[in-house]
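Undergrad: Dropping a structure here in structure tokens format, bear with me for questions.
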Amino acid sequence: MPKVIEPIMLELRDGPRPMVFDMAAAISAQRALNKLRGYDPPKSIFAIIDAEMKSIEEFSIDLDFLTVLIWASLLDGEPDLTIEKTQKQIINLGEAIKQVVTMLRTNFLGAQGDNIAEDINATEKKKKKPKANGHLDARHSQEFT
């Protein structure tokens, strides 16, 4: 039986809202972050989340990431919501960070498998590594890690 995504509540300026980070939210967030950050070529949402989760552990989260994930997770209930309106709704930054991390761990990474971001990033890195005679070239082994 598929796992049902449970909403994570976030207190915003005009009251509590349920955040759900499902496939539609992930696609919206991926498109918005690639556009905002000017990634060329575009990055997968998995790679972006993986990098940002490491930043959170170092207390160095990018606020565009936080805002876009909140925005994308609210779109299902509020399709006309904009990123700019979302920024104005966030009143408690610490709580927003905590709830976004919870949302990612339960709705996204938890629903897909706890290590999916790591697995996909490892696969993407392997594809980029140069090979010599079917084996990794030792000169390049640190280049993409």
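Just so you know, all these numbers are worked out from the coordinates, no wet-lab data involved. This structure is a prediction, so every number in the text was calculated from the model and none was measured. With ideal geometry, Cβ positions are generated from the backbone for all residues, glycine too; neighbour counts draw on all protein chains shown.
Undergrad: Starting from the eigenvalues of the Cα gyration tensor, five times each then square-rooted, give me the equivalent ellipsoid semi-axes of segment 8-114, largest first, whole Å.
TA: On the way: eigenvalues 73, 49, 41 Å².
Square roots of five times the eigenvalues give 19, 16, 14 Å.
Undergrad: Modelling each spin label as a point 7 Å along the Cα-to-Cβ direction, I'd like the residue 55/residue 102 distance in nm, to one decimal.
TA: Distance between label points: 2.3 nm.
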